[in-house]
1. Quick one: how many residues across the range 11-53 are over 20 Å from Val79 (Cα atoms), assigned to a loop (DSSP other than H, G, I, E, B) and either at pLDDT 90 or above or open to solvent by less than 40 Å² (accessible area, probe 1.4 Å) (or both)?
2. Could you grab me the full set of residues in the range 1-50 that are under 24 Å from Asn80 (Cβ atoms) and acidic (Asp, Glu)?
3. Please go through (1) under 42 Å from the mean Cα position of the chain (by Cα); (2) assigned to a helix (DSSP H, G or I); (3) modelled with pLDDT under 80 for Asp152 and return the number of the only condition it doesn't satisfy.
Amino acid sequence: MNAEVLNSWKEIAAYMGRGVRTVQRWEQELGLPVRRPRGKERSAVIALKPDLDKWLHKVPQGNLPARAPDVQPHEALHVNTDLLLKRMHEVVERSAHMQETVKSTLALASKLREQQSRRMRERGTSSDPQSLLMRKTIDLSTRVMKKAVGGD
């Protein structure tokens with residue numbers, strides 16, 4: 001058996017440090033060089049390690065995360081885990097910022113509601129349909145935002 005030949009999607013995926021579905025998608029979308037001895041679209045596949053290595057170096061960088069040929073799958077897993085953790089922290093930071101924005105928006109909405117109520121009392125227009133609609137809209141917006149933040 002030739003050590004340069006990979007005889008299944010599973011072997012190809014392990015060599016590339018990715019999942020089977022990923023390398024199958026790469027074949028469809030990016031032209032990963034696999035061969036089908038029977039020539040049919042859904043038949044068994046084989047791939048040559050040198051072909052895969054050449055393809056890795058030729059594929060545009062924006063389409064595929066770089067991977068050194070000597071990186072073992074468990075090392076790639078650690079790298080991917082670190083990247084995932086970094087991105088998760090970014091999402092948490094963005095969520096915290098968004099929550100602060102929602103809180104300040106709630107405070108502004110509350111202030112606006114108070115000002116609107118005060119103006120309506122001063123003008124004696126509390127039964128004006130447009131004023132009632134405005135007050136209901138502000139109240140509804142405030143309730144929705146409080147529910148989103150978990151404050152109700």
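1. Number of matching residues: 5.
2. Our first condition is that a residue be under 24 Å from Asn80 (Cβ atoms); within the range 1-50, this holds for 6, 8-34, 47, 49.
Correct list: Glu11, Glu27, Glu29.
3. Unmet for Asp152, out of (1) under 42 Å from the mean Cα position of the chain (by Cα); (2) assigned to a helix (DSSP H, G or I); (3) modelled with pLDDT under 80: (2).
Okay, residues lined up against (1) among the hydrophobic types (A, V, I, L, M, F, W, C); (2) more than 26 Å from the chain's Cα centre (by Cα):
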{"site": "Val5", "(1), (2)": "yes, yes"}
{"site": "Ser8", "(1), (2)": "no, yes"}
{"site": "Glu11", "(1), (2)": "no, yes"}
{"site": "Arg21", "(1), (2)": "no, no"}
{"site": "Gly31", "(1), (2)": "no, no"}
{"site": "Val34", "(1), (2)": "yes, yes"}
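The values are calculated or read from the model by the stated rules, or taken from the named source; none is laboratory data. Keep in mind that what you see is a predicted model, and the values were worked out from it rather than measured. Glycine also receives a Cβ, built like all others from the backbone with ideal geometry; neighbour counts cover every protein chain displayed. Ligands, DNA and RNA are stripped out before the accessible areas are found, and what is left, the full protein with its side chains, is counted by its heavy atoms. Shrake-Rupley method; radii C 1.70, N 1.55, O 1.52, S 1.80 Å.
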